[in-house]
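The values are calculated or read from the model by the stated rules, or taken from the named source; none is laboratory data. What you are looking at is a predicted structure, and each value in this text was computed from that prediction instead of being measured. Cβ atoms come from the backbone with ideal geometry, glycine included; neighbour counts cover every protein chain shown.
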Amino acid sequence: MLHAIFERFLPIIVILVFTHTAYAHDQVLRGEVIRTEGEVHVVDASGERRVVDEAGFRVREMDTVVTAEGSIAVVRFTDGALSVLDEKSRLQVEKTSWLSHLGGRIYFTFKKVFGERRQVKTRFATLGIRGTTFIVYDDDNRQGVALEEGLLDIESPGPAFEIHRQQQLDEFDAYRQEVLRQKQAFQREFDDYKEQVKSEFIEYKTSFSLPPNHVVRFHGIRVDESIIDDRIRADFENFEAVAGELLNEFSEQASQHREQLENEHILDEEDF
């Protein structure tokens, strides 16, 4: 009797197994969670939540990596990126070369590539990547991006940004600070310069490029750009300490990869 029942339901079982296998193959592998501390989950497109309980936990297309309070995760991607998620952060893995920052504080570093556009989408801007190391902040206290090296193209998801740039003022201040201590006569000139800077370095754009060693903070459409301060530098150091030797290994591979691409790029140009 059991044999008859099995034969009756065998076609259904085969269909279910085939469907599950096909679904699994359709999910493109995008990376691995290679280090965790605390409670980390990966949520797939259907909402199924899996606990990350070992290094090498696979992350597939449309998965979201989630860290709980007091937890961190390091994720290495197949397209040449490494991310470190701070506590209470969420990162969704979209199509190849596309990540979505959904909240919290996340460190990113990308290998340099030629001819391929890579993006990190946030709630306040879309970031175009050019072989870059940066941190994205998005919590109750702040929204912003701090760039350590490389370049970022920042694009508004809506109206033009009102960009307030202060890097020229910071550089002027650093250059003249010692002189101002000795010669108060420069104070009036310095005050006049600050007023001039305020009026000259406000512009409206839907996109702009962020240079290295700068941070931008977002308040609606207003964007304030300045040089990275000690607090931001400490954030970079903390993230890099979490990644540890994994980041050193990644950086070495990225350097070799960059040299290879640059050599290939030079050879391609010489062909013309």
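Here residue 130 fits the description: in a strand (DSSP E or B), at pLDDT below 85, in contact with a Leu (Cβ under 9 Å, 6 or more places away or on another chain) and of a type outside the set (Phe, Trp, Tyr).
Are there any helices (runs of 4 or more DSSP H) wholly within the stretch 167-272 with 2 or more residues that are among the small types (Gly, Ala, Ser) and modelled with pLDDT of 70 or more, and if so which?
230-243
The conditions of being surrounded by fewer than 18 Cβ atoms within 10 Å (Cβ to Cβ) and within 17 Å of the chain's Cα centre (by Cα) are met by residue 88. Only residues that are buried (at least 19 other Cβ atoms within 10 Å of the Cβ), at pLDDT below 95 and basic (Lys, Arg): list them for the stretch 101-127, please. 111, 118, listed by residue number.
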